[in-house]
Amino acid sequence: MSSPAVTIVVVSYNTRERLLACLDAIASRVSLSHEVIVVDNASADGSAAAVRARFPAAVVIENVENVGFSRANNQGLRRGAGSYALVLNSDAEVAPGCVEALAAVLDGRADVGIVGPRTRFPDGRIQVSFGPMLTPRAEWRQRHLVRGVQRGDPEALRKTETMASVEHEPAWVSGSCLLARRAAIDAVGLFDEGFFLYEEDVDLCVRVRAAGWRIVFTPAAEVVHHLGSSMPAAGPGIEYHRSHLRFYGKHQGWGARLALRGGLAIRGGAGWLSARGPDAAAARAASAALVRLALRGR
């Protein structure tokens, strides 16, 4: 039997219904030869059993603990046999022709290592799914844009729609959906498993680009992303800040990293001092954890 053209890896953590919708979209909308590998991070909602029942052809890797997004993706990638690898969030649904359009970019340009699609909310609003290299200034601008899009600010939506209407080469594309050339990601050692969650996609793109490959965003492919469904209900929390520090430690100078640590310490201290009400104890504990992380620097 010949190898599939595309290995599709979907990592899931307690997203049973979204996961099934994601796999339904793959089954009905992807015409390229492909294999589906679902890596379940110890979900308590019956995700693994549901996938086995409805999609018997899919490979299910069932972890006994939540090993994080990077490590789980690597488990699936190492199991796969496709020359292209689609990393897809369990709360994302590919549009018809999406995977084919992404693969066409890799087929036609041997120097492209990773390509990402245009991403929309279920109501059709655009999402920010690409961006510049992470620096303090660039992040401030990116965060302002993302928050504007989430609020439905007309100017932020217009700006993002304009950027997402043309193919270009950003520093990174979102790991909610990206198609990678196996040769490119194998060359850099796949995802860095030191990132439990957040910024592992940016780090991968930065390393692939540094190895001589191009990163491309194309509006010819599109996905619907139920943003946040696969993330912790309480928000990014400490894992985001831990990943942020790791990224700066790998890719930025000591000055930028020191500034980031100082900012986190101030934020944590202010949060501890301002904690009030019935949730004050939990808020102080979270703020103290942030201060400890900032002081340790990792």
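Put simply, the amide H of residue 90, placed in the peptide plane, has neighbours under 5 Å in 11, leaving out anything fewer than 5 places away on its chain.
Helix 154-163 and the longest principal axis of the Cα set of the chain meet at an angle near 50°.
The length gained by stretching the chain between residue 110 and residue 285 to full extension, at 0.36 nm per residue less their Cα-Cα distance, is 58.0 nm.
Each 10 Å bin from zero up to the one holding the largest Cα-Cα distance in the range 6-225 carries the following percent of pairs: 8, 35, 38, 17, 1. For the range 253-296, the relative contact order is 46 percent, taking Cα pairs closer than 8 Å that sit 6 or more residues apart in sequence and dividing their mean separation by the residue count. Residue-wise HN-Hα couplings along the range 267-284, as the Karplus relation 6.51 cos²θ - 1.76 cosθ + 1.60 with θ = phi - 60° gives them from phi, are 4, x, x, 5, x, 5, 5, 8, 5, 9, x, x, 9, 4, 4, 5, 5, 5 Hz; Gly and Pro carry x.
Helix-only arithmetic for the chain: the sum of -39500 (n - 2.57) across DSSP H runs with n ≥ 4, divided by the residue total, places the mean residue ellipticity at 222 nm at -15000 deg cm²/dmol. Taking the C-alpha atoms only, the angle from helix 69-79 to the longest principal axis of the chain is near 20 degrees. Scalar couplings 3J(HN,Hα) for the range 189-203, obtained by applying the Karplus form with A = 6.51, B = -1.76, C = 1.60 to θ = phi - 60°, are x, 6, 5, 7, 6, x, 8, 6, 7, 5, 6, 5, 6, 5, 4 Hz; x denotes Gly and Pro.
Equivalent-ellipsoid semi-axes (√(5λ), Cα gyration tensor) for the range 253-296, whole Å, largest first?
Sorted largest first and rounded, they come to 24, 9, 5 Å.
With contacts taken as Cα pairs under 8 Å and at least 6 residues apart, the chain reaches a relative contact order of 20 percent. Most simply put, the range 1-131 has about 5% antiparallel DSSP beta bridges, counting only bridges with both residues inside it.
Among the GluC sites (Glu not before Pro) within the range 70-179, which fall in a DSSP loop and have no more than 13 other Cβ atoms within 10 Å of their own Cβ?
167
For the range 205-211, the Karplus equation 6.51 cos²θ - 1.76 cosθ + 1.60, evaluated at θ = phi - 60°, returns couplings of 4, 4, 5, 5, 5, 5, 7 Hz by residue, with Gly and Pro reported as x.
In terms of the mean number of neighbouring beta-carbon atoms within 10 Å, the peptides 45-52, 33-40 order highest first as 33-40, 45-52. Once you reduce the range 128-171 and the range 25-62 to the center of their Cα atoms, the two points are 32 Å from each other. Amide H contacts of residue 61: 38, 39, 40, each under 5 Å away and 5 or more positions distant or on a separate chain (H built 1.01 Å from N in the peptide plane; Pro and chain starts excluded). Annotation: amide H of residue 43 within the under-5 Å range of 14, sequence separation 5 or more or interchain, hydrogens built in the peptide plane.
None of the figures in this text is laboratory data; all of them are computed from the coordinates on show. No experiment lies behind these values; they were computed from the predicted model shown. Because the Cβ atoms are built from the backbone with ideal geometry, glycine has one as well, and the counts that use them run over all protein chains shown.
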